[in-house]
Every structure is written in C-alpha cells, then in structure tokens.
Amino acid sequence: MIPETEKPMAKPAAESDPPEEGVVLLADSGRRHLFDNPANVKRLIRGFWVACGLLLALDLLFLPGVGPLHKHMSFAEGVLDAEDWPGFFCFYGLGACVALVLLAKLLRKVIMRREDYYDR
Amino acid sequence: MIAELHPAAILVVGGVLAFFLPGRLRQVWCVGLPVLGLVNMLGVQHGATAPVEFMGHHLEWLRVDKLSWLFGLLFHIAAVIAAIYSLHVKDRVQLGTAMLYAGSAVGAVFAGDLLTLFVFWELLAVTSVFQVWGRRNPAALGAGLRYLLVHVASGLLVLIGLAMHYRATGSLAFGHLGLESEGGLLIFMGFGIKCAFPLVHTWLVDAYPAATPSGALYLCSFTTKVAVYAMARGFAGEGVLIGIGALMAMFPIFYAVIENDLRRVLGYSMINQIGFMMVGIGIGTPLALNGAVAHAFNDVLFKGLLFMSMGAVLYRTGKINGSDLGGLYKSMPWTAGFCMVGAASISAFPLFSGFVSKSMVMSAAADGGMVWVWLALLFAAAGVFHHAGIKIPFFAFFAHDSGIRTKEAPWHMLLAMGLGAALCIGIGCFPQVLYGLLPWEADYHPYTITHVLSQTQLLFFSALAFVSLMLLKIYPPELRSVNLDADWFWRKGGAGVLRAVDVCFNGLNRWAHAGMMRTVAWVSGWGGDAPARLVGRAAGGWYRLQGVAPAAREERAARLAQRCRDGGFRVGLMAGAAVLMVAAGILWFRR
C-alpha cells in the first residue's frame with residue numbers, strides 16, 4: 001500500500017483555474033505573530049490539557065456523597081443510566097471523535113481518487 | 001398601504017428591476033430591497049390571507065401564521081446580510097437572480113396552497129443556479145447543470161404528487177399531507193431531494209463549493225431551509241424522518257473529516273445540521289418541532305457566517321483547499337475571529353446560538369425515550385465540533401503557515417460577517433427572543449448547570465481527540481483529491497450507461513446501415529441490371545435458333561441488352577396508347 005501522502009492526487013498546475021478578481025497576494029512583512037513563537041503554542045496546548053482535566057474533575061461535584069449537586073437527566077429514570085456516570089460526556093466525546101477519525105481514514109482508502117477523476 | 005403588499009412582491013419585482021440598473025446603484029438597490037421587504041413584512045398581520053381564483057381552483061397566495069412568518073423573517077435577515085456581503089459583485093445577472101431567489105424563498109414559505117408552492121419551488125431552482133454559474137468557469141457550469149437537473153426532478157415529483165393529491169382529496173391546500181397516499185409520498189420525495197436526503201444529497205456538496213463567494217452564501221440560506229419549512233408543514237411527526245435524519249446527521253461527518261475543499265466541508269456539515277432538523281420534525285412533538293425550526297433559523301446564521309468567512313478567504317487568496325491554506329490569521333484577523341464565532345455557534349458552545357436550539361431536538365428525543373437516536377445525535381454533535389468547529393478555522397487560519405500574505409477582507413464583507421456574528425451571540429445569550437417567535441407552545445430552558453457542563457465536556461474532549469491525534473500525527477493530512485460519493489453513479493455510472501448505449505444502439509445502427517447499403521447496392525447493381533441481362537440472354541438464344549453466326553449473334557445480343565439498360569427502345573406507339581388511355585380515363589371520370 002502506498003502511503004496516502006505520496007500518491008499523486010493533485011491536478012497539474014497548468015490545469016488550475018486562473019486567479020479571480022479580488023485576489024491580493026503580498027510579500028511577507030517579516031512581522032512575528034502570536035503563534036510564530038513555539039512557546040506560545042506550547043502554552044496554549046498546556047492550558048487546554050488543564051481545562052480538560054478541570055472539566056472532568058467538575059463531575060465530582062455531582063457524585064453522591066462527594067459533591068452537593070445532582071444531575072438534571074435527559075432521560076426518564078432507568079432508560080439510559082450511563083448518562084449519570086461521572087465523565088460520560090467526556091469519554092463519549094473523546095471516543096466518538098477518535099472513532100470518527102480512524103473510520104474516516106479507512107474510508108479514504110476506499111473512496112479517494114485523483115483530483116481530476118471526474119474530468120478524465 | 002404598503003402593508004397590503006405580498007411579502008415576496010418587493011424582492012421579486014425589485015429583483016427584475018435590478019437587471020436594468022447601472023453598476024453601483026444596482027448594488028445599493030439590492031441591499032435596500034430586503035430591508036424594504038422586511039419593513040413591509042413586519043406590517044403583515046398574522047392570519048392574513050390572499051385567496052385567488054385561478055382556472056377554477058382556489059389558491060392562497062399568502063398565508064401568514066407563526067411558522068411562515070418566522071421563516072419569512074429569517075429569509076429577509078439572510079438576504080440583507082448576503083446583499084451587504086455581495087457589494088463587490090458587479091455581475092448584473094448574479095445580483096438580479098439573487099434577489100429573485102430570495103423572493104421565491106419568501107414566496108414559497110408564505111404559499112398557502114400546493115400549486116403556489118410549486119411555482120416558487122421551481123423559481124427557487126431556476127434563480128439559484130445562477131449563483132453557481134456566476135463563477136463562469138467550466139467546473140461551475142457542470143456543477144450548475146447537475147444541480148439544476150436534480151432540482152427539476154424535485155419539482156416534477158412535487159407536481160405529480162400534488163396532481164395526485166388533488167384528485168384524491170379535491171383540495172390544493174398545503175397543510176399536513178402525510179405519507180398514507182401516493183401523492184403525499186411523491187411530494188415527500190420531492191421535498192426530500194431539496195432537504196438533501198442521503199443518496200440525493202450530492203447536489204449540495206457538488207454545487208455549493210463551485211459557487212461564487214457570495215453565491216454560496218445565498219445558496220446556503222434559502223434552498224434547504226425552504227425544504228425544511230415544507231417538511232415541517234407537510235410531514236411533521238412522520239417517524240421515517242427520525243431514521244433519515246439520524247443518518248443525515250451521521251454520515252456526512254466522515255466525509256467532512258477527509259474533505260480538502262473547505263467549502264465542501266461546510267456543505268457536508270450542512271447536511272449534518274439538516275439531519276438534526278429532520279429528526280425534530282420526525283419526532284413531531286411541540287418541543288421537537290420548535291427545536292427543528294429554531295435550529296433552521298440558527299443554521300442559516302452560523303452556516304452563513306462560516307460560508308462568508310470561507311468566501312472571504314477564497315476572494316482574497318483565490319484558494320479554498322485546506323492543503324493550500326494556513327496561517328491566514330496573520331493577514332485576516334477579523335475574518336478569523338468571525339469564523340471562530342461561527343464555529344463556536346455551529347458546535348453549540350454555551351452562549352452561542354447552536355447551544356439553544358440543537359439541544360431542543362435532543363431533549364425531545366430523550367423525552368420520547370429514543371436512546372439510539374439520542375446517542376447518534378450526540379455522536380453527530382461531537383463530530384460537528386470536530387470538522388466544522390475545529391477543522392475549518394484551524395486549516396484556514398492556523399495550522400502550518402502556507403506563506404500566503406494577503407489583505408483583510410473588504411469592509412462590506414466584514415460588516416456582513418459582523419452582523420452574522422452579532423446575531424449568533426445575541427441569540428445564544430438571549431434565547432428567549434427567538435423562543436418567543438417559535439410557532440408551537442413548549443417550555444424549554446437551555447441554561448441548566450447540567451446542560452452547560454455536559455455540553456462543554458463533550459466539546460472539550462472532542463477537541464482533545466483532535467489535538468491528541470494531531471500531535472501523534474495520526475490525523476489524516478489535507479490532501480488534494482476527490483472523494484467518491486453517491487453522485488458517482490450518475491457522473492461515472494452515467495458515462496458507463498452512455499458507453500453501453502453507444503455500443504448497443506450505435507452498433508445496431510452501424511450493422512443495419514451496412515446491411516441496408518449492401519442490399520441497395522445489390523438491388524441497384526446486380527438486381528437492377530437483371531432485366532437487361534435477361535433480354536441479352538433471351539436474344540442470344542433466339543439468334544442461335546435463327547442460326548446467326550456466334551460473333552454477330554453475341555454482338556447483336558449485347559447491343560439489345562445495352563439498349564434495354566439505356567431505355568433506348570422505340571416506345572412511341574406504347575406511349576401514345578398510354579396517353580390516350582389516361583385521357584379517356586379523365587374524360588370518363590369527369591362526366
């Protein structure tokens with residue numbers, strides 16, 4: 001199997017459409033921007049890990065005997081108890097998106113074609 | 001006085017006039033029209049009707065109730081924003097048809113009978129295709145033609161369905177239709193095509209990315225939302241819509257993850273959002289229907305905002321593929337900001353508009369005890385954030401720096417995006433304003449601690465999946481490519497049918513042609529010469545009996561045969577007899 005990145009998928013440049021009106025392409029001014037500094041990217045990602053951890057920890061407030069709050073369930077009692085598990089939405093979101101990406105990568109093997117597939 | 005005008009009249013008549021106005025005036029005119037239309041519509045009373053007798057049928061050109069009024073309001077707001085966004089467009093055809101397009105959307109939602117709905121339904125298809133063709137390149141021409149064919153098919157289904165419905169019930173009124181009758185089923189399929197049901201959804205992801213920057217904005221505002229309105233009016237509570245909607249919410253997100261053209265990603269994400277609306281309409285409780293309608297309202301605004309930001313990127317850089325973009329936050333910070341507001345709204349972050357409507361449908365599903373539907377929608381909600389909420393802004397404005405440096409979007413695009421963003425945040429923060437306009441009676445409070453926390457957890461951990469997969473380099477890279485979809489069957493399969501037909505029928509044709517020509521050649525050659533040869537033979541035999549010498553015999557026989565070929569006999573006597581007989585016949589019958 002050829003790795004995805006090495007397959008020649010792009011149209012030859014000569015067949016691309018001519019530039020349209022409104023297009024403005026400038027030279028780089030040399031100014032350093034926020035995320036040009038890798039330290040800032042690191043800071044952002046670190047902040048994000050902390051936020052995720054905090055959100056997961058917030059579910060403790062709903063645990064009987066630990067926190068004072070109780071959940072406002074979507075379903076009637078006994079229909080879907082999983083909803084009340086600590087971290088249910090965290091793990092569902094994480095699992096759903098990992099599954100989504102992995103399945104989409106598999107899908108790519110089946111349905112991806114050259115960019116000018118329909119023109120030939 | 002002005003309040004007596006039909007809400008669509010200003011846009012339709014003004015749209016026709018727009019064709020004849022000169023440059024700048026036309027652009028300003030097109031902003032003024034929807035504003036005027038909005039003022040006019042605010043004056044139209046609920047319950048207003050305009051019955052007309054047409055060829056013995058009772059038609060309702062105008063039916064104003066809370067449902068049609070809400071969609072009318074939405075379409076006017078969308079048209080104002082889109083007109084401001086297209087202030088750079090000089091193309092008279094594109095601007096004129098855009099106003100007619102908005103007018104037909106308004107006309108369709110205020111139509112009280114099926115025939116009027118059908119007229120505006122067709123007008124929608126015809127006027128909208130110019131938003132694609134306005135791009136004026138071969139790809140747009142092809143995509144527009146395919147788009148038009150699909151929408152004409154949708155119109156035909158509605159037309160046949162309404163004729164059958166009329167024969168069965170004797171009424172053209174557009175109320176609840178249901179799937180029990182054949183007519184209702186056909187109309188349902190016609191509506192379904194415009195709703196982008198699975199397998200017939202490809203017109204959307206084919207045409208929208210091919211349209212002009214402003215054209216895509218018009219397209220995403222009207223066509224599918226008219227269809228959602230029609231579905232809510234005609235088929236509320238039809239259970240099959242729940243399954244269709246759940247499927248629509250699920251499958252496009254897989255495509256969206258691997259699609260490179262960022263406007264096509266938005267197209268897939270649009271089908272996913274319509275899926276939520278279809279589930280809501282299918283459940284059919286007041287809360288679910290309100291959720292579907294409110295989500296349609298919000299979708300026009302946040303999807304419009306996303307299309308505007310991507311349109312601005314395309315307008316400024318000439319590129320829209322994720323693989324070609326990146327780092328644009330440096331050149332277009334305002335566009336990037338507005339894009340992120342749209343992304344937060346579609347992902348349903350608290351305080352943004354999607355939060356207050358998407359969960360209405362999900363709550364309605366939970367109230368009905370539909371566990372699988374609820375889990376599917378939750379999966380779709382996480383997936384939306386993944387592809388529309390993160391992927392769109394990330395690959396366009398951040399990711400690796402593509403080295404493209406450009407100017408910020410023009411002021412009028414920023415103004416339009418600003419209006420859209422303000423509405424998204426406004427509705428998210430003050431949902432009661434929107435809830436007060438919803439057609440059905442249902443009590444709903446989005447801002448409970450549980451809902452805010454669980455939704456935030458869902459979204460942050462979806463983002464966690466994205467960040468982790470990115471850092472681990474598992475996330476699929478943006479690649480220039482085409483992904484096959486259901487339209488393969490008519491784009492490639494259609495070509496196959498054409499080849500098969502070519503081989504069968506043209507083969508038959510060639511075979512018949514060749515056979516025919518051989519027969520004709522034989523008849524006119526060998527067969528045509530036969531009498532002469534017969535005469536030659538007979539004469540030869542006759543001369544032999546007479547005892548003529550062989551050389552002279554052959555020569556005389558050949559001369560006779562040649563005379564036979566040339567028609568060189570002395571036939572005066574026979575001709576005279578024939579003329580006399582014709583003359584006698586004429587005299588006889590003239591008596």
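What follows draws every value from the coordinates through simple rules; no lab data is involved. Remember, predicted model here, so these are calculated numbers, not experimental data. Methodologically, a virtual Cβ is constructed for each residue, glycine included, from the backbone with ideal geometry; neighbour enumeration extends over all protein chains shown.
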Can you compute the FRET efficiency between residue B:411 and residue B:168 using 1/(1 + (r/R0)^6), with r the Cβ-Cβ distance and R0 = 51 Å? Round to the nearest 0.05. 0.35
If you average the sequence gap of Cα pairs under 8 Å that are 6 or more apart and divide by the length of region B:111-251, what percent do you get for the contact order? 29 percent
Percent relative contact order for chain B, counting Cα pairs under 8 Å at least six residues apart, stands at 12 percent
What list of ³J(HN,Hα) couplings, whole Hz, do you get for region B:200-216 from phi and the Karplus terms 6.51, -1.76, 1.60, once you set θ to phi - 60° and write x for glycine and proline? 10, 8, 5, 4, 5, 7, 8, 7, 4, x, 8, 6, 5, x, 6, x, 4
Cα-centre dipole for region A:73-115 with unit charges at Cβ (Lys and Arg positive, Asp and Glu negative), debye to 20: 760 debye
In terms of modelled amide H atoms, which long-range or inter-chain residues lie less than 5 Å from the amide H of residue B:113? B:60, B:174
Residues whose built amide H sits under 5 Å from the amide H of residue B:399, excluding neighbours closer than 5 in sequence, are B:327
If you take the charge dipole of the protein assembly as shown about its Cα centre, with +1 on Lys and Arg Cβ and -1 on Asp and Glu Cβ, which of B:548, B:52, B:381 is farthest toward its positive end? B:548
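May I ask you to derive the relative contact order of region B:240-386, considering only C-alpha pairs under 8 Å and at least 6 residues apart, and to give it as an integer percent?
30 percent
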Convert each backbone phi in region B:21-31 into a coupling constant with the Karplus relation 6.51 cos²θ - 1.76 cosθ + 1.60 (shift: θ = phi - 60°), then list the ³J(HN,Hα) values in order as whole Hz, x for Gly and Pro. 8, x, x, 4, 4, 4, 5, 5, 3, 6, 7
Karplus couplings for region B:476-489 from phi (6.51 cos²θ - 1.76 cosθ + 1.60, θ = phi - 60°), rounded to Hz, Gly and Pro as x? x, x, 6, 10, 6, 6, 10, 9, 5, 9, 4, 6, 3, 4
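Only counting other Cβ atoms within 10 Å, I'd like B:61, B:522, B:69 sorted with the fewest neighbours first. Walk me through the numbers on the way to the answer.
On the way: B:61 19, B:522 11, B:69 22.
Ordered from fewest to most neighbouring Cβ atoms within 10 Å, B:61, B:522, B:69 come out as B:522, B:61, B:69.
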At what distance in nm do the modelled label points of residue B:153 and residue B:590 sit from each other, each positioned 7 Å from its Cα along Cα→Cβ? 6.7 nm
Approximate spin-label separation residue B:516-residue B:66, in nm, with each point projected 7 Å along Cα-to-Cβ: 6.9 nm
In degrees from 0 to 90, rounded to the nearest 10, what is the angle of the helix B:262-283 Cα long axis to the longest principal axis of chain B? 80 degrees
Any idea what the dipole of region B:493-590 comes to, in debye rounded to 20, about its Cα centre with Lys/Arg Cβ at +1 and Asp/Glu Cβ at -1? 240 debye
As straight-line cross-link partners of residue B:66, the qualifying aspartates and glutamates (C-alpha separation under 15 Å, not fewer than 8 residues apart within one chain) are B:441
Charge tally for neighbours of residue B:405 with beta carbon under 11 Å away, counting Lys, Arg as +1 and Asp, Glu as -1, is +2
The rounded separation in angstrom of the Cα centers of region B:236-308 and region B:383-459 is 15 Å
What size of dipole, in debye to the nearest 20, comes out for the protein assembly as shown about its Cα centre when the only charges are +1 on Lys and Arg C-beta atoms and -1 on Asp and Glu C-beta atoms? 3520 debye
Fewest first, what order do A:97, A:52, A:90, B:429 take by the number of other Cβ atoms within 10 Å? B:429, A:52, A:90, A:97
CD proxy, 222 nm, chain B: helix-only mean residue ellipticity via -39,500 (n - 2.57) per DSSP H run with n ≥ 4, per residue, nearest 500, stands at -23500 deg cm²/dmol
Placing +1 on each Lys and Arg Cβ and -1 on each Asp and Glu Cβ in region B:493-590, then taking the dipole about the Cα centre, the residue among B:494, B:576, B:530 whose Cα reaches farthest towards the positive end is B:576
In whole percents, the bins of 10 Å from zero upward hold the Cα-Cα pairs of the protein assembly as shown as 3, 13, 22, 22, 14, 7, 3, 4, 4, 4, 3, 1, 0, 0
Long-range amide H partners of residue B:261 with built H, under 5 Å: B:322
Enter the Cα centre distance for the pair region B:86-142 and region B:1-78, rounded to the nearest angstrom. 15 Å
Order of B:526, B:440, B:374 under a 10 Å beta carbon neighbour criterion, fewest first: B:526, B:440, B:374
Under a straight-distance cross-link criterion of Cα-Cα below 14 Å, which aspartates and glutamates are reachable from residue B:492, leaving out those fewer than 8 residues away in the same chain? A:116, A:119
Scaled to the compact-protein estimate 2.2 N^0.38 Å, what is the alpha-carbon radius of gyration of chain B, rounded to two decimal places? 1.41
